[in-house]
Every structure is written in structure tokens, then in C-alpha cells.
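What follows is one structure encoded as C-alpha cells, with my remarks underneath.
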Amino acid sequence: MDDYPLLNLFLTMLELFLFVVWFFLLFKIVTDVFRSHDLGGWGKAGWTVFIIVLPFLGVLIYLIARGKSMASRDVEQAQAADAAFKAYIKDAAATQGSGDADSHAEVLVKLADLRAGGVITEAEFQKAKDKLLA
């Protein structure tokens with residue numbers, strides 16, 4: 001390593017970093033091409049061939065022509081994933097059985113309201129809560 005100057009080491013690290021960034025950008029654009037719903041089959045094929053045959057020019061032109069819509073597609077995908085996740089959480093949190101059954105949390109809130117209103121005693125509340133959580 002004595003004959004390899006520090007500047008060359010930094011330049012080599014920069015080249016490696018740019019190489020990784022280039023492939024990230026290339027895969028991001030190819031993914032965006034196939035994710036886009038406003039492009040037809042021939043449009044997707046054309047962009048893919050353009051990016052493969054002339055990669056630097058193809059990527060640059062794609063970013064100029066469709067860069068703004070890339071962000072909107074990313075936002076749409078993130079919102080769809082978030083909505084699906086929230087729907088899954090709601091479904092998983094629901095009790096077993098019929099779809100209109102109260103969740104455990106709702107039943108506990110009702111029991112606490114009954115206890116606070118003096119309808120049931122503390123012992124009855126604890127017994128119902130233990131039965132519910134068992």
C-alpha cells in the first residue's frame with residue numbers, strides 16, 4: 001500500500017460509490033417504468049430498450065421527461081401500502097366470530113363506563129374483565 005497515494009484511495013472510493021448509486025438509479029427507473037399505469041406495453045418496451053441500449057442518455061432523458069411523475073407514483077404506492085397495513089391492523093384487532101362483534105377494547109370501555117356509573121361494582125368489573133381477557 002505504500003505505492004497507492006491517499007488521493008487515489010479517495011478517488012477509488014468515490015468511483016465505487018458512484019457505481020453503486022448508478023445501479024440504484026438504474027433499477028429505480030426500470031422499476032418505475034414497469035410500475036407506471038399511464039404507459040402502455042409499447043411505451044414500457046421502448047423505455048426499457050432505450051435504457052438498456054443507451055443507459056446514460058436513457059436514464060437522463062427519463063428523469064427529465066418523467067421525473068416529476070416518479071415522485072407521485074412513489075407517494076401513491078406508499079399511501080396504498082399504508083392503507084393496506086391499516087386495514088390489516090383493523091382486521092387483526094377485531095375479535096373472532098361475526099364481523100359486528102365488539103373488540104375487547106370496546107367491551108372494556110363499556111365495562112369501565114358501567115363501573116363509573118355505579119351500575120356494576122368493582123368486583124363485578126374485575127370478574128368480567130378477567131373473563132374477557134382469558
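In percent, what relative contact order does the chain have, based on Cα pairs under 8 Å that are 6 or more apart in sequence? Don't skip to the end; give the middle numbers.
On the way: 38 pairs, mean separation 15.3, N = 134.
Contact order relative to length: 11 percent.
Given Phe125, Thr48, Val75, which one lies farthest toward the positive end of the charge dipole of the stretch 42-134, if we put +1 on the Cβ of every Lys and Arg and -1 on the Cβ of every Asp and Glu?
Of the listed residues, the answer is Thr48.
Go ahead and set up a Gaussian network model of the chain, Cα springs under 10 Å, then flag whichever of Ile29, Ile51, Ile89 fluctuates most.
Highest fluctuation among the options: Ile89.
How many Å² of accessible area per residue for the chain, probe 1.4 Å? All intermediate terms of the calculation are to be shown ahead of the outcome.
On the way: 10360 Å² over 134 residues.
Per-residue value: 77 Å².
How many percent of the accessible area of the chain is carbon or sulfur, using a 1.4 Å probe? Please report the intermediate quantities before stating the final value.
On the way: 7220 of 10360 Å².
It is 70 percent, rounded to a whole number.
Taking the chain as the region of interest, what is the percent of Cα-Cα pairs per 5 angstrom bin, listed from the shortest bin to the one with the maximum distance?
2, 8, 11, 10, 8, 7, 7, 6, 6, 6, 6, 7, 6, 5, 3, 1, 0, 0
The values are calculated or read from the model by the stated rules, or taken from the named source; none is laboratory data. Given the structure is predicted, the values throughout are model-derived calculations rather than measurements. As a convention, Cβ positions derive from the backbone with ideal geometry for all residues, glycine included, and neighbour counts pool all protein chains shown. Side chains included, ligands, DNA and RNA excluded: accessible areas come from the protein's heavy atoms. Shrake-Rupley method; radii C 1.70, N 1.55, O 1.52, S 1.80 Å.
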